[in-house]
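To start, the structure itself, in structure tokens.
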Amino acid sequence: MKILFAADEHPYSSDALPQVARLGENTWADIKLLGVSNQSQDMADIVGGYHKKLSEYFDPGISPYLQFSSEGDRKNTIKKQIITRTVKGNPTKQILEEAKNDSADLIVIGCSTQKNYIWENEGEVPLKVARDAECSVLVIKEEKKINRVLTCLDHDNISQKSLEMVSQMVTLFKADLDIVVLNEGENVEEKIENKLSWLINYYSARDIFPCIELVKLTSLETFVSRQARWGLMAMWMGKKSILERVFPSNKVSRLLKANASSVLLLR
């Protein structure tokens, strides 16, 4: 697994580091710390500080990260890598290009506690990255405690990779899981009964016991905006998902803004 952590110079980026460390430790992922800013002239030093802080989360005796390196100093002896890099320019464009060039599996990006998922002085960078990336994106809200995970799943198309990522998040945050199974309004009880049983068995085998609700697609935005108990909302946005087929990008943006949680878009 490859994780790209996109960061600027503000506290919400530093606050997201513990989750990056825990993800790396749980998945043995290669990690790249990407510093992006048009405002700060000291981004290289800031990313170096993030690098040092990240290293302090790992126990040297059991860590898969044997060494830490800059991008220009890779060594074959490294089992798993933590790479640092700084770039200038349009933050959204730089992050998306870096993720594509690296074939990243997951982008992790912090943001402020405001509902608009903003980066200071740069606007809705996290939101734009989450909406337009080709890989999965985890947007972590500053100091937002994650006790419950809400995942929205298309009853027709549920990828194994998405289920595994949700399982990782529940385990990572020691959270409860609520699963919303989406439908387009028809009577689907018989159609999805086997799917629901499979989902329950899948997570029960991992000691995760989810609550499951059926929600009409047309009611999803209202449903999400009225709920405040989730710390993380996960939505599958693969090419075959209901959300990707039915929602235009501006409605996806509005849906994300309708709640105050951290967000995981699965692809």
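Looking at Ile62 and the list (1) buried (at least 16 other Cβ atoms within 10 Å of the Cβ); (2) at pLDDT below 90; (3) of a type in the set (A, V, I, L, M, F, W, C), which single condition is not satisfied?
(1)
Any residue in region 195-224 that's under 22 Å from Gln168 (Cβ atoms): show its pairings with residues that are of a type in the set (Asp, Glu) and in a strand (DSSP E or B) at Cβ separation under 6 Å, as long as the two are six or more apart or on different chains.
Here the result reads Cys211/Asp178, each pair linking region 195-224 to a residue that is of a type in the set (Asp, Glu) and in a strand (DSSP E or B).
Just to be sure, is Ser40 in contact with an Asp or Glu (Cβ under 6 Å, 6 or more places away or on another chain), modelled with pLDDT under 85, of a type in the set (S, T, N, Q) and surrounded by fewer than 22 Cβ atoms within 10 Å (Cβ to Cβ)?
Yes.
The values are calculated or read from the model by the stated rules, or taken from the named source; none is laboratory data. This structure is a prediction, so every number in the text was calculated from the model and none was measured. Glycine also receives a Cβ, built like all others from the backbone with ideal geometry; neighbour counts cover every protein chain displayed.
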